[in-house]
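So the structure is just underneath, and the comments pick up after that.
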Amino acid sequence: MYYNNNTFVFLNGQWLPAKEANTSLYGQTLHYGNGVFEGIRAYKNDVGFNIFKAHEHFERLHYSAQLMHIDLPYSVDELVSISYELLDKNNLTDAYIRPLVYLGANMALEPVKEVNVFICAWKWEKYLGNNPIKAKISSYQRIHPASQHVEAKVVGHYTNSILATTEAKKNGYDEAILLDHTGHVSEGSGANIFIEKNGELFTPSRGNILPGITRRTVIDLARELGIKLTEKPITKSQLLDADCAFFTGTAAEVAPIASVDKTTFPLHWEDSLGYNLYQMYRQKVQYNDLQNQTII
Ligand code: PMP
């Protein structure tokens, strides 16, 4: 699914067939989850393709690495151009790009000198699909900001997401919504959340969430459209009392939430602010960052 005999990947400065790329079983990332990664999408357009917000994603990769004491040996610009080359080499246009920074052998709980950079890409449909999502409030709490850097995209953080999603799916739901340590709504397992109430939008403020690049884009688009949007703590009852809600994320894009637990939202997706923003988002992803594409 992720690669075939013709797939090339980038590994530490080399272009390798995916089937020949490998790594040590003694790495710190594999044993303890100390690694950082990104999820980026590219979209086909009239002149080829556009990697949406490529610079922002690699800036976040650098930020995550720095917080985890990992020295990333490539600049943001280098990583952006490697990503364009990766898609060219694999004849991909609509694609999901996965950079992973993982560490070499070290069983001690300390920073590791050997830093590996792996970048691969594959075709990936909209994560969470196109149908409105049945979400469940998770019994798992979102990671505590005093225990981990919640604003960093760290490999090990995703065990929290996997537990929440697995619980939701085992109970017949599509996705989880996690509350933070104060009991407020934080986010989905791999996406931010917005609610609509009386013609206004609300989204959890920063602090207990991964502040997504799609979240930022949607906030900017809402401002452009003159939609009133507030970042603030959202209670569980405010969520359940919303007219409509949606997730945002690079993989999920802008995805409607049909219901939370047993509560179905009254407003139809097509009549909601989220739907308007989704239409705008689809336009924007194809042509933003065009300048970068022509330079490379
Ligand atoms: N929250 C979590 C926990 C995520 O994993 C993601 C996906 N990166 C997001 C939110 C959305 O972030 P972005 O819009 O940057 O993809």
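Values quoted throughout were computed directly from the atomic coordinates according to the rules given, and no laboratory measurement underlies them. Since the model is a prediction, treat every value here as computed from it, not as a measurement. Every residue, glycine as well, gets a Cβ built from its backbone with ideal geometry; the counts of neighbours run over all protein chains shown.
Under a point spin-label approximation (7 Å from Cα along Cα-to-Cβ), what is the THR159-GLU231 distance to one decimal in nm? The answer from the label model is 3.0 nm.
Extension gain, THR264-TYR2: 0.36 nm per intervening residue step, less the Cα-Cα distance, totals 90.8 nm. The GNM of the chain, with springs linking C-alpha atoms under 10 angstrom apart, assigns the highest mean-square fluctuation among ALA176, ALA245, ALA18 to ALA18.
Only Cα sites of the chain enter the Debye sum here, all with the same form factor; the resulting log10 I(q)/I(0) across q = 0.07, 0.16 1/Å is -0.27, -1.36, listed in q order. Residue by residue, region 131-147 carries 3J(HN,Hα) couplings of 7, x, 8, 8, 9, 10, 6, 6, 7, 8, 7, 4, 3, 6, x, 8, 9 Hz when phi is fed to the Karplus relation 6.51 cos²θ - 1.76 cosθ + 1.60 (θ = phi - 60°); x denotes Gly or Pro.
Compared with the dominant principal axis of the Cα atoms in the chain, helix 158-170 is inclined by about 50°. Specify whether the C-alpha gyration tensor of region 183-296 places it in the rounded, prolate or oblate class, a ≥ b ≥ c being the square roots of the eigenvalues: rounded for a/c under 1.5, otherwise prolate if a/b is larger than b/c and oblate if not. It comes out prolate by the Cα gyration axes.
Helix 54-67 and the longest principal axis of the Cα set of the chain meet at an angle near 80°.
Count the DSSP beta bridges whose two residues both fall in the chain, then state the antiparallel fraction as a percent rounded to the nearest 5.
So the antiparallel bridges amount to about 80 percent of the total.
By the helix-only formula, in which each DSSP H run with n ≥ 4 contributes -39500 (n - 2.57) and the sum is divided by residues, the chain has a 222 nm mean residue ellipticity of -8500 deg cm²/dmol.
In the elastic network of the chain, a GNM with C-alpha springs shorter than 10 Å, the most mobile of SER139, SER24, SER161 is SER24. The relative contact order of region 133-284, computed from alpha carbon pairs under 8 Å that lie at least 6 residues apart in sequence, is 25 percent.
What length, rounded to one decimal in nm, is gained on full extension from LEU67 through to TYR287, with 0.36 nm per residue of separation minus their alpha-carbon distance?
On the way: separation 220, 0.36 × 220 = 79.20 nm, distance 3.16 nm.
Result for the pair: 76.0 nm of gain on full extension.
Here the 3J(HN,Hα) profile of region 197-205, calculated from phi with Karplus coefficients 6.51, -1.76 and 1.60 at θ = phi - 60°, is 9, 6, x, 10, 10, 9, 9, x, 6 Hz, Gly and Pro shown as x.
Over the chain, what is the mean sequence separation of C-alpha contacts under 8 Å (at least six apart), divided by residue count, expressed as relative contact order in percent? The partial results should precede the final answer.
Working: 608 pairs, mean separation 57.2, N = 296.
Over the chain, the number comes to 19 percent.
Applying both filters, DSSP loop and at most 15 other Cβ atoms within 10 Å, to the trypsin sites (Lys or Arg not before Pro) of region 99-153 gives LYS113, LYS123, LYS126.
In this structure, the residue pairs whose Cα-Cα separation is over 22 Å, taken from LYS19/LYS123; LYS53/LYS197; LYS236/LYS284; LYS169/LYS197, are LYS53/LYS197; LYS236/LYS284; LYS169/LYS197.
Which of the trypsin sites (Lys or Arg not before Pro) across region 230-284 are loop residues per DSSP, with 10 or fewer other Cβ within 10 Å?
LYS262
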